[in-house]
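Engineer: I am attaching a structure below and will ask some questions about it afterwards.
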Amino acid sequence: KAIAVFKQIIKINNSLIHINLELGEMYQNLGLLTEAMGQYQLVANYYEEKGEVNKSLETLKKMANLDPLNVESRITLAELYSRQGMTKEAIDEFQSAATFLKKENRLEEYAKVLERLVYHNPSHLSVIKELARYYLQEGYIKRALGKLQVLFKSHSKDTETLEMMIEAFQSIDQP
């Protein structure tokens, strides 16, 4: 009954964002995760539009923890951390998202998240190597060469990097 009352209140006045938050919590307590996520998303968007970043972050964290398999919530949280200059937190969330995406074999999305990790930590050579490997495998030779160049400058004697460079140059017919 409380849910019905809260929904009626929202129909009458949808600017009472605390009602959406309470409705989300009710849905969560009842195990209705999709409905809870919908309410939390409304709340997070509202706070972000109003410039209340901390409240938006708090709501996005709640969403990410509510449904750990919803990688989009985790990436959204990571992006907001990034915009706020909270680099460590952004890296942690991007890393969690990357791990999930790789496990689920969602490689294109995985590569995009790895790019965001490299943006926040340009010296993370294992991530750069992973990206180079992916780009080679997918035929994105110019992207692979960009990553390989960074790796080569750092470790010019790394055999795996040299092998990938040979593979890349061979695929574009350059000696």
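The values are calculated or read from the model by the stated rules, or taken from the named source; none is laboratory data. Every value quoted in this text rests on a predicted model; they were computed, and no experiment measured them. Please note: Cβ atoms are built from the backbone with ideal geometry, for glycine as well, and neighbour counts cover all protein chains shown. Heads up: the accessible areas ignore ligands, DNA and RNA and are worked out on the full protein's heavy atoms, side chains in. Shrake-Rupley method; radii C 1.70, N 1.55, O 1.52, S 1.80 Å.
Engineer: So, for the chain, what is the accessible surface per residue at a probe of 1.4 Å, expressed in square angstrom?
Structural biologist: Working: 10560 Å² over 175 residues.
Per-residue accessible area for the chain comes out at 60 Å².
Engineer: Run the quick spin-label model on T87 and N29: label points 7 Å from Cα toward the beta carbon, then report their separation in nm to one decimal.
Structural biologist: 4.2
Engineer: Compute the normalised compactness of the stretch 75-142: alpha-carbon radius of gyration over 2.2 N^0.38 Å, N being the residue count. It would help to have the intermediate numbers written out before the result.
Structural biologist: Working: Rg = 11.9 Å, N = 68, 2.2 N^0.38 = 10.9 Å.
Against the compact-globule rule of thumb, the ratio is 1.08.
Engineer: Sticking with this structure for a sec: Any idea what Rg and Dmax come out to for the chain if you just take the C-alpha atoms, in Å?
Structural biologist: Every Cα atom of the chain included, Rg and Dmax give 21.4, 73 Å.
Engineer: Counting Lys and Arg as +1 and Asp and Glu as -1, each charge on the Cβ, what is the dipole of the chain about the Cα centre in debye, to the nearest 20?
Structural biologist: Details: 22 positive and 24 negative charges, 42 e Å.
Here the size comes out at about 200 debye.
Engineer: Hey, any idea what % of the stretch 76-175's accessible area is carbon plus sulfur with a 1.4 Å probe? Walk me through the numbers on the way to the answer.
Structural biologist: Details: 3050 of 6070 Å².
The nonpolar share, carbon plus sulfur, comes to 50 percent.
Engineer: Of the options Y119, H18, Q41, report the single residue whose Cα projects farthest towards the positive end of the charge dipole of the chain (beta-carbon charges: Lys, Arg +1; Asp, Glu -1).
Structural biologist: H18
Engineer: Now, a different point. If you keep only loop residues by DSSP, which GluC sites (Glu not before Pro) in the stretch 76-123 have at most 16 other Cβ atoms within 10 Å of their Cβ?
Structural biologist: Working: sites: E79, E89, E93, E104, E108, E109, E115; in loops: E104.
Those that pass, being in a loop and sparsely packed, are E104.
Engineer: Please compute the modelled spin-label separation between E163 and N70, points set 7 Å along Cα→Cβ, answer in nm with one decimal.
Structural biologist: If labels sit at N70 and E163, their model points lie 4.2 nm apart.
Engineer: Please give me, ordered by residue number, the trypsin sites (Lys or Arg not before Pro) of the stretch 86-120 that lie in loop per DSSP and have at most 16 other Cβ atoms within 10 Å.
Structural biologist: Numbers: sites: K88, K102, K103, R106, K112, R116; in loops: R106.
Answer by residue number: R106.
Engineer: Please give the FRET efficiency for I172 paired with K103, using the beta carbon to beta carbon distance and R0 = 45 Å, rounded to the nearest 0.05. Mind showing how you got there, number by number?
Structural biologist: Values: r = 32 Å, r/R0 = 0.71.
Working from the Cβ atoms, E equals 0.90.
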